[in-house]
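Engineer: The structure's right below; bear with me while I get my questions together.
The values are calculated or read from the model by the stated rules, or taken from the named source; none is laboratory data. Values in this document were obtained by computation on a predicted structure and should not be read as measured data. Reconstructed Cβ throughout: ideal geometry from the backbone, glycine too, with neighbour counts over all protein chains shown.
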Amino acid sequence: MINPKDLRLGNLVTDGESIIYVEKIEPAGINGATITDHGMISDGLGEFAHFYHTITPESIDPIPITPEMLKKCGFDQVNGCYFDKTLWNKYNVLRYDNGANVFILESRNYEQAERVYLPNIIKYIHQLQNAYYILTGKELEINL
C-alpha cells in the first residue's frame with residue numbers, strides 16, 4: 001500500500017500484475033483516496049478505445065528500484081556497481097550505488113567532487129520520480 005500523499009500525477013505504481021500510471025488522485029472520505037489510470041484497447045482494426053479505471057491505495061504497491069528499472073529511467077551503468085544519470089549539466093549527477101542501495105547527489109567541478117548521500121530516502125520508482133522532479137523541475141522519462 002502507498003500513502004496517496006506520497007504520489008504525484010504521472011507516478012508509476014503496480015497492482016501486482018501490471019504497471020499503473022497515476023493520472024488522477026481524488027479524496028474519498030476522511031482518510032481515503034482513489035487513484036485513476038487509463039489505457040487503450042484495440043479493436044484489431046486500428047481503432048482504439050480509451051478506458052479508465054479507479055483503484056484504491058490499498059490495492060497498489062510501489063515498484064522497487066532495480067537495475068532494470070534504472071536503465072528504463074535513463075541511468076547508465078558504470079563499472080558494474082554504479083548507475084549514473086546526468087541532471088542539469090554534465091557536472092551534476094544522480095548516482096545509484098547498487099552495492100549499498102543508496103542514491104548519491106554528486107556535483108563535480110574540475111578537481112573536486114561534492115557528494116550528498118540520500119540513504120533510505122529513495123527506495124521506489126515513484127520516490128525517484130518525485131526526487132528527480134524536485135532536483136530538476138522536469139519529469140523523469142521512463143521507457144517501459
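Engineer: Only one of V93, V116 is without any contact (Cβ under 8 Å) to a residue 60 or more places away in the chain and either assigned to a loop (DSSP other than H, G, I, E, B) or in contact with a Leu (Cβ under 6 Å, 6 or more places away or on another chain) (or both). Can you tell me which?
Structural biologist: Result: V116 is the single residue among V93, V116 that is without any contact (Cβ under 8 Å) to a residue 60 or more places away in the chain and either assigned to a loop (DSSP other than H, G, I, E, B) or in contact with a Leu (Cβ under 6 Å, 6 or more places away or on another chain) (or both).
Engineer: Which residues, counting only those in the range 98-122, are in contact with a Phe, Trp or Tyr (Cβ under 6 Å, 6 or more places away or on another chain) and of a type in the set (D, E, K, R)?
Structural biologist: R108
Engineer: Considering only residues that are over 17 Å from the mean Cα position of the chain (by Cα) and exposed (fewer than 13 other Cβ atoms within 10 Å of the Cβ), look in the range 86-105 and name the one that is nearest to C73 (Cα to Cα).
Structural biologist: Only one residue tops the list, namely W88.
Engineer: Suppose we filter the range 108-135 for residues that are of a type in the set (S, T, N, Q) and within 14 Å of L94 (Cα to Cα); how many remain?
Structural biologist: 3
Engineer: Does P64 fit the bill of being more than 23 Å from L140 (Cβ to Cβ), at pLDDT 65 or above, touching a helix residue (DSSP H, G or I) at 6+ places or on another chain (Cβ under 9 Å) and exposed (fewer than 13 other Cβ atoms within 10 Å of the Cβ)?
Structural biologist: No; evaluated as a whole, the condition is false for this residue.
Engineer: Sticking with this one: Considering L105, L144, which residue is in a loop (DSSP other than H, G, I, E, B) and more than 20 Å from D6 (Cα to Cα)?
Structural biologist: L144 is the lone residue from the list that is in a loop (DSSP other than H, G, I, E, B) and more than 20 Å from D6 (Cα to Cα).
Engineer: Sort out which residues of the range 68-97 are within 19 Å of N120 (Cα to Cα) and at pLDDT below 80, and write them in order of number.
Structural biologist: If the condition is that a residue be within 19 Å of N120 (Cα to Cα) and at pLDDT below 80, then C81 is the only one that fits.
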